[in-house]
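The values are calculated or read from the model by the stated rules, or taken from the named source; none is laboratory data. Note that the structure is predicted; figures quoted are calculated from it, not measured. Neighbour counts are summed over all protein chains in view; Cβ atoms, including those assigned to glycine, are modelled from backbone coordinates with ideal geometry. Side chains included, ligands, DNA and RNA excluded: accessible areas come from the protein's heavy atoms. Shrake-Rupley method; radii C 1.70, N 1.55, O 1.52, S 1.80 Å.
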Amino acid sequence: MKKAVVMVLIALCMMGTISAAGQAESNVDSWPSEPITVVCPWAVGGVADVVNRKTATYGMEVLGQPILATNELGAGGNVALTNFLNNEANSHNLIFGAEGAFSIAPNVDGADAILFSYDDYIPIINLYSAVFVLTADSSLGIDNLESLQSYAKNNRMKIAVNGIAGSEAFLAKALAKDLGINLELVSYNGANLALDAAAKGETALAISHQSQARGSVEAGVLTPVVVFDDKTVNNEVFKNVKGVGEYGYTGFYRNRCFVLARKGTDQKIIDKVRGAYLEILQKDDVVELFNTLMIEYDPLTPETIDAHIEAVTEIVKANS
C-alpha cells in the first residue's frame, strides 16, 4: 500500500514538472504578451535616445505589442544598467548598452563600485556605429591637432565630456596622452550639455557625435578639430576633418549602441527581438533618420558585439 502511494506521489510530481515546463515554453512562444520597455541609459535628445524613440514606433507592427522608449540617467549609463539587474530572464524589459560601461568603466578608477558586468546581459543586436568628433570654441583658432597642441602649451584646457568614465572621457584622455598635453575633463550628464558648455566658452573643447555638434559647427560657434576614426571625414558639415588614426594614434574606436536582454533570456525571444529590429532598421524613415544623424546601419551579431567589447577593452588597457 505504501509503495502504491509513493508511486502516485512521484507520478503527480512528474506531471507538475512537465506542466511547468510546458507553461514556460508556452510563455516564451507567446512573448511578447505585454508592452516592451526599452531603456536608454543616456540623455533625452541624444543620438541613442532619438534612435530608441524612432524604432519604438514600429513595435506593434513587428512584434504585436507597443515598444515603450524611456530614459534612466546617471553615472554615464551605469545607474540604469545596475537597476536593470532587477529584471528576470524573459522579461519584457530591454536596455541599450555601449562599450563605455563594459570596456571603459571596469578599467578606470572607481571600477570597484560597478555592480554589474557584461556577463549579466545577453547582446541581441547592434543598431548603429558612430564617429565621435572633437570640436573647439571657434574663437580659439584651433582647427587641427597641431594647433591644439600649440595652444595647449600656454593655456589651461578644459574639455567637456558626457560622463567621467564614458567613451568621450576615455578618448579625451588617450588623445591628451598622445599629444603630451593636459586636458581637464569637465563631466556633463549628456553630450548636448557638453557641447553647450563649449559653445558658451565654459570649456575650450567638447567631444560628441557629429550630428550633435552639427548646429554649432554650421553656425561657426564650434570648429571641428579631429574625428576619432582611422580616416578623414568629409561631408556637408565636416569638411576634410582628419581621423586620429591618420596621425598614427591608436586610442580610438567607433561608438556602437546595442540592445541587451537579461542573462538567461530564451534564445527564441532573442531571435524575435533581433528579427524585429532588423525589419525596423530597413524602414525608409529610419534609414533617413540615420543619414540625418550621421550614423551608420551596423547590425552586429551577438558574437561580433562580444568581439567589439573585447577589442575596445584592449584599446583602453593599452592607452590608459
Across the range 23-67, what is the total count of residues that are in contact with a helix residue (DSSP H, G or I) (Cβ under 6 Å, 6 or more places away or on another chain), closer than 21 Å to Tyr121 by Cβ and of a type in the set (Ser, Thr, Tyr)?
-> 1
Which members of the range 298-309 meet the condition of being assigned to a helix (DSSP H, G or I) and either in contact (Cβ under 8 Å) with a residue 24 or more places away in the chain or open to solvent by less than 60 Å² (accessible area, probe 1.4 Å) (or both)?
-> Pro302, Thr304, Ile305, Asp306, Ala307, His308, Ile309
Meets criteria (at negative phi and out of contact with any helix residue (DSSP H, G or I) (no Cβ under 9 Å at 6 or more places or on another chain)) for Asp120 = no
What number of residues within the range 175-191 are under 14 Å from Val225 (Cβ atoms) and not in a helix (DSSP H, G or I)?
-> 2
In this structure, is Lys173 more than 22 Å from the chain's Cα centre (by Cα), farther than 17 Å from Ile142 by Cα and surrounded by fewer than 21 Cβ atoms within 10 Å (Cβ to Cβ)?
-> no
When Leu115 is run through (1) in contact with a helix residue (DSSP H, G or I) (Cβ under 6 Å, 6 or more places away or on another chain); (2) open to solvent by 10 Å² or more (accessible area, probe 1.4 Å); (3) under 19 Å from Phe170 (Cα atoms), the failure sits at (3)
Only one residue in Gly264, Gly220, Gly275 is open to solvent by 50 Å² or more (accessible area, probe 1.4 Å) and at pLDDT 95 or above. Which one?
-> Gly264
Quick one: Arg254 ticks every box in (1) touching a helix residue (DSSP H, G or I) at 6+ places or on another chain (Cβ under 8 Å); (2) under 23 Å from Gly166 (Cβ atoms) bar one, so which box is it?
-> (1)
Would you please list the contacts, defined by Cβ atoms under 9 Å and residues six or more apart or on different chains, that run from a residue in the range 142-168 that is surrounded by fewer than 24 Cβ atoms within 10 Å (Cβ to Cβ) to a residue that is basic (Lys, Arg)?
-> Asn144/Lys242; Leu145/Lys242
Reported set for the range 46-56 where residues are over 14 Å from the mean Cα position of the chain (by Cα) and either within 15 Å of Val79 (Cα to Cα) or modelled with pLDDT under 95 (or both) is none
Scan the range 230-261 residue by residue and report those that are open to solvent by 30 Å² or more (accessible area, probe 1.4 Å), hydrophobic (A, V, I, L, M, F, W, C) and farther than 26 Å from Thr292 by Cβ.
-> none
Selected residue [outside any loop (DSSP other than H, G, I, E, B) and modelled with pLDDT under 95] from Ala160, Ala194, Ala172, Ala165 = Ala194
Check Glu202 against each of (1) more than 24 Å from Leu73 (Cα to Cα); (2) charged (D, E, K, R); (3) more than 18 Å from the chain's Cα centre (by Cα); (4) assigned to a loop (DSSP other than H, G, I, E, B) and name the one condition it does not meet.
-> (1)
So, in the range 246-297, of the ones that are aromatic (Phe, Trp, Tyr), in a helix (DSSP H, G or I) and within 18 Å of the chain's Cα centre (by Cα), which residue ends up farthest from Pro123 (Cα to Cα)?
-> Phe290
Within the bounds of the range 161-169, is there any residue that is in contact with a helix residue (DSSP H, G or I) (Cβ under 8 Å, 6 or more places away or on another chain), hydrophobic (A, V, I, L, M, F, W, C) and under 30 Å from Ala276 (Cβ atoms)?
-> no
Residue by residue through the range 68-84, note down the ones that are open to solvent by 40 Å² or more (accessible area, probe 1.4 Å), at pLDDT 95 or above and not polar (S, T, N, Q).
-> Leu68, Glu72
